[in-house]
Amino acid sequence: MMDKLVIEGSHQLEGEVCVHGAKNAVLPILAATILNGGKNVIHSCPDLKDVRASVNILKHLGCEVEMQDGTLVINSSGACGFEIPERLMHEMRSSVIFLGAIIARFGKAIAALPGGCELGPRPIDLHLSAFRQLGVDIEEEHGYIKCSCDRIVPTAIHLDFPSVGATENIMLVAALAQGTTIITNAAKEPEIEDLQKYLNSMGAKIAGAGTSVIQIEGVKKLGDVEHSVIPDRIAAATYLSCSAAAGGTIELKNVIPSHMEAFLSVAEQYGAKIYVSDERIVHVAPKKLEAVKIVRTLPYPGFPTDAQSPLMAALTLARGASIFVENIFESRYKHVYELCRMGADITVDGRTAVVRGVNELSGANVCAMDLRGGAALAVAALAANGRTVISNVYHIDRGYENFEKTLKALGAKITRQ
Ligand code: UD1
């Protein structure tokens, strides 16, 4: 039986949340562990379904993996596999990130094409085009991608769109190449900076992550590494959305406020009082949220697409109409229909959603359609009158560690069935 979350709404949230390590930082780092053929010690590793799926891929490739109290120890010295079978590829959408690391280490890689996903088509053309520019031969047949090369040929690569995954894949494949690779129009997400830090701690020579130009000077060998993963800015934004919807005052610990600027700016617009110190954010929800004129999702440092749905769920209860424009993914409004079943008033036209604030939401049986959309249903449920039952919770488990425990500690009435 698949798990369900049962939430009795209309209880204010009060207290502290210690934010877990970032899913989107740790996934490329797990791929990077293949590169050094040595020991990798990763602290603040969140216990998530996607992390376990990555660990399964690493084990399949021949790595030794141990997880203890949030620290993953991976020894990749015995890795010899270069093929990721379909079943492991489908467990996680972002498994394409393993290709770059496997090619860098073995000069070849075979993987099933990642399936289409709940956010609309998720092409990997930018990844493959970058690999080709770096001298990798690629054949696509029978649903598999076969990559091979005698050696990586460093070059300058311009990305037509600042894809997070493609930027990371280029860094991974170029880290061990002979010569200098330059990425222009690179993605600037903080998770890319964390990957650079990880690789450089191994002995790589990479500079520029966090800006749109990244320079990777290949090195011959990479060594053992120990690293702490940055806090998850999307989980942080989700808990702030919960607080905005349900009311009350919460304090986030283990956050990097500068990574949250786009969200915090919106939070001020909906009327929250925000107090920021070193690694903490206090969020005081207003009695009634104000509508936010327009929220456009954009590459970092713009408003993150991953926080769009949790924020939207909170703004269903605002005074006035808020407009969302989703610029990153084609079909990222699947939560809208479920929110409407709870009484929200939202209309979607292409990439635009208009959210007219209502006075109350009512609990309903709803279904998580994707990771962040699932979290959005929980945000709405916390504010709704009566009981909401969310099915397909496995989506939420892909990206939030101890989701209901964390909310329960804030006073939410939430249980898993
Ligand atoms: C990463 C994040 C994901 C986040 C997204 C955008 C991880 C593990 N996941 O995903 O949570 O929502 O960034 O911030 O870090 N595209 C192409 N061709 C490609 C690659 C991407 O057209 O080869 C398009 C995608 O379809 C999408 C857009 O570019 O419309 C952004 O994708 P990208 O930045 O690559 O996202 P991911 O790395 O998949």
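The values are calculated or read from the model by the stated rules, or taken from the named source; none is laboratory data. Not measured: the values here are computed from a predicted model. Every residue, glycine among them, receives a Cβ derived from its backbone with ideal geometry; neighbour counts consider all protein chains shown. Note: accessible area is taken over every heavy atom of the protein model, side chains too, but ligands, DNA and RNA are not part of it. Shrake-Rupley method; radii C 1.70, N 1.55, O 1.52, S 1.80 Å.
Key figures for this structure:
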| item | result |
| --- | --- |
| Of all DSSP beta bridges in segment 75-205, antiparallel share, percent nearest 5 | 70 percent |
| Sum of side-chain charges, residue 317 neighbourhood, beta-carbon under 15 Å (Lys, Arg +1; Asp, Glu -1) | +1 |
| Relative frequency of Cα-Cα separations exceeding 17 Å in segment 1-47, percent | 61 percent |
| Dipole magnitude of the chain, debye to nearest 20 (Cβ charges: Lys/Arg +1, Asp/Glu -1, about Cα centre) | 460 debye |
| Heavy atoms of residue 161 accessible to a 1.4 Å probe, total area in Å² rounded to 10 | 90 Å² |
| Probe 1.4 Å, protein heavy atoms only - accessible area per residue of segment 26-80 in square angstrom | 36 Å² |
| Carbon + sulfur, % of accessible area of segment 301-417 - ligands and nucleic acids excluded, 1.4 Å | 48 percent |
| Whole-percent carbon and sulfur share, accessible surface of segment 73-224, 1.4 Å | 48 percent |
| Per-residue [θ]222 nm for the chain (sum of -39500 (n - 2.57) over DSSP H runs n ≥ 4, rounded to 500) | -9500 deg cm²/dmol |
| Rounded FRET efficiency, nearest 0.05, which uses the C-beta distance separating residue 256 from residue 224 and R0 of 25 Å | 0.45 |
| Simple label model, 7 Å out from Cα along Cβ direction - residue 287 to residue 321, nm | 2.7 nm |
| More than 32 Å apart - percent of Cα-Cα pairs taken over the chain | 35 percent |
| Distance between segment 192-268 and segment 383-417 - C-alpha centres, whole angstrom | 25 Å |
| Accessible area per residue, Å², segment 250-311 with all protein chains present, probe 1.4 Å | 45 Å² |
| Under 15 Å from the Cα of residue 287 - aspartates and glutamates, other chains or at least 8 residues apart | 14, 268, 360 |
| Pairs from 197/273; 49/288; 59/221; 205/405 whose Cα-Cα separation, in the structure shown, is over 31 Å | 197/273; 49/288; 205/405 |
| Fraction of beta bridges assigned by DSSP in the chain that are antiparallel (%, nearest 5) | 70 percent |
| Cα gyration tensor shape of segment 1-125, rounded if a/c is under 1.5, else prolate or oblate by comparing a/b with b/c | oblate |
